[in-house]
1. Given (1) surrounded by 13 or more Cβ atoms within 10 Å (Cβ to Cβ); (2) assigned to a loop (DSSP other than H, G, I, E, B), where does residue 798 come up short, assuming only one miss?
2. Name every residue in the range 51-83 that is open to solvent by 10 Å² or more (accessible area, probe 1.4 Å), of a type outside the set (A, V, I, L, M, F, W, C) and outside any loop (DSSP other than H, G, I, E, B), in order of residue number.
3. I'd like to check something: does the range 461-479 contain any residue that is modelled with pLDDT of 95 or more, small (Gly, Ala, Ser) and surrounded by 17 or more Cβ atoms within 10 Å (Cβ to Cβ)?
4. If the requirement is being in contact with a Leu (Cβ under 9 Å, 6 or more places away or on another chain) and open to solvent by 40 Å² or more (accessible area, probe 1.4 Å), which of these qualifies: 281, 266?
5. I need every pair where a residue in the range 772-789 that is under 16 Å from residue 733 (Cβ atoms) and open to solvent by less than 30 Å² (accessible area, probe 1.4 Å) has its Cβ under 8 Å from the Cβ of a residue that is of a type in the set (Phe, Trp, Tyr) and at pLDDT 95 or above, sequence separation at least 6 or different chains.
6. Would you please name the residue that is most open to solvent (accessible area, probe 1.4 Å), looking only at residues in the range 586-614 that are more than 21 Å from residue 515 (Cα to Cα) and touching a Phe, Trp or Tyr at 6+ places or on another chain (Cβ under 8 Å)?
7. If I ask for residues that are open to solvent by 10 Å² or more (accessible area, probe 1.4 Å), in a strand (DSSP E or B) and touching a helix residue (DSSP H, G or I) at 6+ places or on another chain (Cβ under 8 Å), which ones from the range 734-761 would you list?
8. Confirm whether residue 437 is in contact with a Ser or Thr (Cβ under 7 Å, 6 or more places away or on another chain), in a helix (DSSP H, G or I) and at negative phi.
Amino acid sequence: MENLATKSLEELESYYQGEKEFETQYGFFASGGREYIVKTPLTPMPWANILTNPDYGCVISQTGCGYSWWKNSVMCRLTRWVQDLVTEEWGKFIYLRDNKDGDYWSLFYKPCQTQFDKFEVRYGLGYVVYHTEYKGIESTVTLFVPPDAPLEVWKVKLRNLSDEERSLSIFTYLEWCLGNSEDIHREFQRTFIETSFDENLNAIFATKRKIPVPGFISTGLKEYPGDGFHSVNVPPAGYEGDKRNFFGLYNTAMNPQAVVEGRLKNKVGKWNDSIASLQVNISFKPDEVKEIVFLLGYDQGKEETARLIKHYSDLNNVKEALQRTVNFWEEFVSPLKVETPDPAFNILSNYWLRYQAIAGRIWARTAYYQYSGGYGFRDQLQDSLVFLPLKPELTKKQILLHARHQFTDGAVYHWWHPLTEMGAKTNMTDDLLWMPYLALFYLDETGDYSILDEEVPYVDAPDQEETLYQHCIRAIELVLSRFSPRGLPLIGEGDWNDGMSAVGLNWKGESIWLGHFLYGILNRFAEVCRYKNDEERADNYLQRAKDLKKAINEHGWDGEWYIRATRDDGKPIGSKSCEEGKIFLNAQTWAVINDTADEDRKVQAMESVEKVLLKDYGPILFYPAYKRPDPMIGYLSRYAPGVRENGGVYTHAACWAIQAECILKNADMAYEMYSRVCPVKRGMNPDLYWVEPYVTPGNTDGPDSENYGRGGWTWYTGSGAWLFHVSINWILGIRAEKDGLRIDPCIPKTWEKFRLTRTFRGTVYEIEVENPQGVTSGVKEISIDGKKLDGNLIPVIGDGKSHQVKVVMGNR
């Protein structure tokens with residue numbers, strides 16, 4: 001696999017000349033899958049990339065639209081952006097004006113919709129290179145967010161391809177938000193923003209005055225008022241802080257008055273509709289190259305911001321920072337590498353699923369279809385699965401962060417916003433259980449039981465610190481206290497599926513899926529209780545699990561599958577007796593995953609999934625879709641039939657179906673399901689699929705939709721981490737357990753071999769799996785450094801060295 005860390009900046013910023021994989025009319029994978037090259041701005045939907053570090057980030061699409069933020073993409077949005085995925089009109093733009101004839105164009109496709117002579121956008125992990133040619137000018141705009149600075153870099157490189165000297169002007173444009181992105185009452189909010197210009201730093205500064213608007217005012221949305229800056233590394237010919245001056249009255253971003261006239265008016269202050277625009281004039285001879293660096297960032301204070309501007313105004317420092325950014329992401333993903341006969345599997349597993357989960361879900365917590373900014377208690381906990389084979393200490397950090405957002409009664413915030421710490425305490429009944437669930441995975445990966453003794457406070461008792469173990473106990477005990485007379489957990493405002501928001505509002509509705517989920521946690525956490533010498537609790541959890549399994553099978557089995565839930569009025573959901581929503585996916589898959597069903601029912605439940613729910617583009621969440629809103633179900637029934645949770649393929653849940661098939665050793669079916677949801681493969685029919693082929697969609701329209709097969713809600717979805725987890729742990733079958741690495745492949749019989757390099761508890765294992773008999777599962781022989789091993793569990797070595805593991809599949 002090619003390592004981009006060895007590429008020169010010149011190679012990175014040149015038109016791509018290497019091998020192309022999975023090419024369509026819109027683009028292709030390059031550099032061994034590490035990059036995606038977009039060939040045209042006219043993709044079926046916006047195809048975006050996310051550039052971020054843990055604090056600062058930006059989103060940019062192939063048209064050049066997007067937005068920036070600091071720490072929270074909703075509460076502290078730096079630049080204005082309006083979600084319109086059809087017209088795509090909002091972003092941070094760069095114009096180029098020919099001063100000889102007055103013609104002008106944008107260096108991105110938007111806003112001028114320039115018909116470029118050449119066009120290429122290179123998406124990589126941590127960077128975007130926007131490469132175009134027009135009117136004899138070659139433009140390369142390289143954008144990236146350094147791993148350790150609250151800013152983004154726009155390095156603009158222009159080459160004069162013509163045979164005459166050219167005089168050009170560059171104009172940048174962005175509109176300040178500096179607070180809550182949702183507050184669209186601009187005439188109110190603009191009165192709090194002021195701008196200034198610093199001649200020494202070549203920078204426009206903007207601040208939003210900090211006294212909050214009272215909540216009883218109609219636009220008094222909570223926010224974190226921020227400060228921003230926009231600078232250039234040469235003295236500008238002009239600057240502008242007033243939108244009216246830049247556009248002129250009634251003009252648009254396609255024909256702004258300042259660009260048409262070729263000058264800015266140098267107006268800043270407190271009385272404007274505040275923007276930032278910088279003008280740089282350049283002249284250059286034929287084949288001459290000019291490079292200009294613009295910065296956009298969060299102003300953390302005068303001295304620190306001045307230092308950053310001066311540092312990144314040096315072109316050599318910018319080039320070093322770009323290389324450092326590329327290296328940062330390369331090193332982040334390098335502890336685990338796979339090589340299989342399926343190049344799509346390799347591309348996703350080695351690069352894009354990890355990047356999607358880390359950059360998009362955990363750090364940015366935003367995208368194009370959904371911008372959250374907040375942490376979902378269950379959401380980012382599950383996403384942190386991606387860190388385990390890479391940097392498990394970050395999974396630990398995520399678990400402890402979420403523990404701080406629990407209440408003393410065991411309940412948790414369903415979501416909360418960093419910076420403001422505003423959160424929602426709800427009656428969702430699964431959120432709190434994901435904390436012990438992830439703790440169990442962390443223990444398997446690291447053997448670090450000291451995490452259980454980490455002391456963390458509660459939301460409603462900041463001075464009361466208790467161990468993570470006690471936090472987990474409080475969560476489990478609260479769920480155990482909310483059971484029906486039949487011995488099943490109550491669903492409350494919803495379990496994993498937020499859209500089932502009205503099923504149990506009166507605390508009578510039951511959740512079979514939550515029963516499956518809780519059963520597995522009780523059994524596994526009982527072992528942790530024994531480790532903590534909490535024997536009585538361990539015995540209690542095992543007994544409660546036994547009783548729960550009995551209740552699930554007595555009241556939840558519908559003849560060929562498990563029902564999903566019961567409503568407050570006692571009627572079942574997910575039963576043959578239902579007109580709509582007859583069978584739900586999660587109620588079947590988790591019966592297998594957590595072993596609540598006997599072997600016959602496991603097989604029968606998954607056969608029902610394959611017969612009823614498995615469609616052309618993966619297993620749908622349930623069938624048939626609801627055709628009209630049902631006040632006893634919840635808001636999922638408001639969606640159009642086949643859309644999102646209402647009978648669509650919900651990729652997150654589809655990953656669990658793949659895992660269930662692997663547990664049953666149905667390797668061909670598991671791989672078939674994988675292939676049907678795989679975005680790389682779906683992307684080969686882009687005019688049907690529409691969305692990016694390099695990240696997973698949250699959903700794909702189901703058969704009840706007139707847009708059957710269309711993807712949606714990409715990037716910001718928990719399916720990125722889960723598809724990565726299922727691919728490595730269950731299809732390749734190499735997963736961490738308490739006592740070592742389990743080797744348990746479940747692969748297509750056509751795979752002759754695969755390789756995986758994985759770090760586990762400080763030791764590197766270079767694993768080569770051969771399949772000479774063409775089987776789908778079963779391990780015949782394992783050797784470590786030439787020494788045969790009994791069984792298929794590699795014991796913990798922990799010597800910090802590298803070891804060669806040879807696996808031969810087949811029957812012993």
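The values are calculated or read from the model by the stated rules, or taken from the named source; none is laboratory data. Just so it is clear, the structure is predicted and the values come from calculations on it, not from any experiment. Reconstructed Cβ throughout: ideal geometry from the backbone, glycine too, with neighbour counts over all protein chains shown. We work out accessible area using only protein heavy atoms, side chains counted, and drop any ligands, DNA or RNA first. Shrake-Rupley method; radii C 1.70, N 1.55, O 1.52, S 1.80 Å.
1. (1)
2. Once the filter is applied, which keeps residues that are open to solvent by 10 Å² or more (accessible area, probe 1.4 Å), of a type outside the set (A, V, I, L, M, F, W, C) and outside any loop (DSSP other than H, G, I, E, B), the range 51-83 yields nothing.
3. To start, the set of residues in the range 461-479 that are modelled with pLDDT of 95 or more comprises 461-479.
Of the ones still in play, those that are also small (Gly, Ala, Ser) are 461, 475.
Restricting the remaining residues to those that are surrounded by 17 or more Cβ atoms within 10 Å (Cβ to Cβ) gives 475.
Yes, the conditions are met somewhere in the range 461-479.
4. Details: 266 fails: in contact with a Leu (Cβ under 9 Å, 6 or more places away or on another chain).
Answer to the check: 281.
5. As it stands, the answer is none, since no pair meets every condition given.
6. Looking at residues that are more than 21 Å from residue 515 (Cα to Cα) and touching a Phe, Trp or Tyr at 6+ places or on another chain (Cβ under 8 Å), I get 612.
7. 735, 736, 737
8. Working: in contact with a Ser or Thr (Cβ under 7 Å, 6 or more places away or on another chain): no; in a helix (DSSP H, G or I): yes; at negative phi: yes.
It is false that residue 437 is in contact with a Ser or Thr (Cβ under 7 Å, 6 or more places away or on another chain), in a helix (DSSP H, G or I) and at negative phi.
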